[in-house]
Each structure stands twice: as C-alpha cells, then as structure tokens.
1. Let me check against my output: what whole-number percent is the relative contact order of segment B:5-111, with C-alpha pairs under 8 Å and at least 6 apart?
2. Give the interface area between chains A and B as buried accessible surface, both sides summed, probe 1.4 Å, in Å² to the nearest 100.
3. I'd like to check one number: the per residue accessible area of chain B, probe 1.4 Å, reported in Å² as a whole number.
4. Select from segment A:27-67 all residues whose loss of accessible area on going from the chain by itself to the full protein assembly reaches 50 Å² or more (probe 1.4 Å).
5. Carbon and sulfur: what percent of segment A:6-114's accessible surface (1.4 Å probe)?
6. Which whole-number value in Å² is the accessible area per residue of chain A, probe 1.4 Å?
7. Which shape class, rounded, prolate or oblate, goes with chain B when its Cα gyration tensor gives a ≥ b ≥ c as root eigenvalues, a/c under 1.5 marks rounded, and past that a/b bigger than b/c marks prolate?
8. Across peptide B:43-52, how many C-beta atoms of other chains are within 10 Å of each residue C-beta, on average?
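The values are calculated or read from the model by the stated rules, or taken from the named source; none is laboratory data. Owing to the predicted nature of the structure, the values given are computational and were not obtained by experimental measurement. Don't worry about glycine lacking a Cβ; one is built from the backbone with ideal geometry, like all the others, and counts go over all protein chains shown. Calculation scope for accessible area: heavy atoms of the full protein, side chains included, ligands and nucleic acids excluded. Shrake-Rupley method; radii C 1.70, N 1.55, O 1.52, S 1.80 Å.
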Amino acid sequence: DTEVTQTPKHLVMGMTNKKSLKCEQHMGHRAMYWYKQKAKKPPELMFVYSYEKLSINESVPSRFSPECPNSSLLNLHLHALQPEDSALYLCASSQDPGISYEQYFGPGTRLTVT
Amino acid sequence: TQLLEQSPQFLSIQEGENLTVYCNSSSVFSSLQWYRQEPGEGPVLLVTVVTGGEVKKLKRLTFQFGDARKDSSLHITAAQPGDTGLYLCAGVETDSWGKLQFGAGTQVVVTP
C-alpha cells in the first residue's frame, strides 16, 4: 500500500479565513513533505518533517504553518492567505531520507483564495 | 535556473508512435525518479534509478540512467492515449538529505 490521503480535495477561502489542510499516510514512513504546485509547473518544496521534527523550511511565508502531530499525520495551517497562494498543495512521504529517497504523493488539495 | 533540464517541454503524438523524454543536469544524482501526473492529481511514482548505466522497464516504458548519473531518459514504445500526462523527472543530489530537484516537466499528449 503506497497511499497518501489528503483532505479536503478542494478548498475555497477568503483572505481573512483560517483553514487547515490534512495529510495522512500509514506506510510507516518517517519523512513527510508539503509542496506547492502552480499550473503547468513542477512541485515546489515548502516543508520537510523527519521523525516528526521540522527539518527543512524553504523560506515559506509565516501565513503557512505546518504541524506534524504524529508520524502518520501532517497538517498545514493557513491564515491570511493571498490570491497568489492559490495552487495545488501536495503532501508526500518517504520511508527515511537516509534509506530511500522515493517519495509518494497524495492527490493534492486544490486551494483557491478569493 | 532549473537544476534538471527536461526536454521536450511538450510532445503530441499519435497512438502507436514512440517517444523519448530527456532529463539532463551538470550535477551528479544519488538517485533519480520519474513521475507521471494527470490534471488535478498528485504525481505518481513510475520508477527510481540509482545505479549509473541502469536500465529499467515497466511494460512499454524504458528508463535509463546515465553512466555518470547526471542524466536520464524515458522511452515509451507504441504510445497509447492512457500514456497522456505530465512526466516529471526528479533527482536527489548526493548529500542533499533526500531533497528532490524537479525538472520542468514534459507534457505528453497521445491522440487516438
């Protein structure tokens, strides 16, 4: 089973709203990732969690706040977003950066900021 | 500047034809992955290559990793409409702690 699930599938939010994206994997992977993808572009790395600790933050604005409550779950809290933040947000997981670099992606959350 | 140069950017072919997508870099990669992505969905991992000169086959798809581990290619034989999608190569540089560097992607359209 190489499934990563993400909820919701679609999200529309205003610039003053607070919302959260959720990601879950049950493959026993110890690294989890958030990516942002604009149309016709490759995914851009935002955050990496390794063993539930934030290990990489790619200079992402503070209006995006990641959280890893446990090894299976990854959240992305959103607050005061801008219309240019509209994109497909992808979650991925991998076994362990020191063992395997294969990343498995979820289906994504299509976010629209109005 | 993209670390991984992927070409062509767009490929439109008829069903039954062959196609090749290239992924090139001046950097050495400890591994390289190929993904296919359909609109509104996440990328799906097709293959990982780790050894220089390695060739892997997945049905009608053949993946090669260059001897120097700086480049890779994806060849599809007798393409079918179901092969339509965005193909992404992604490499992991040595000592980059697993951080994927993506190519810009190749949009492949196979028409019946």
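1. This gives 36 percent for segment B:5-111.
2. 1700 Å²
3. Here the per-residue accessible area is 46 Å².
4. Residues of segment A:27-67 that lose at least 50 Å² of accessible area once the other chains are added: A:Pro42.
5. Carbon and sulfur atoms account for 51 percent of the accessible area of segment A:6-114.
6. Working: 5450 Å² over 114 residues.
Per residue, chain A has 48 Å² of solvent-accessible surface.
7. prolate
8. Across B:43-52, the average partner-chain Cβ count within 10 Å equals 3.
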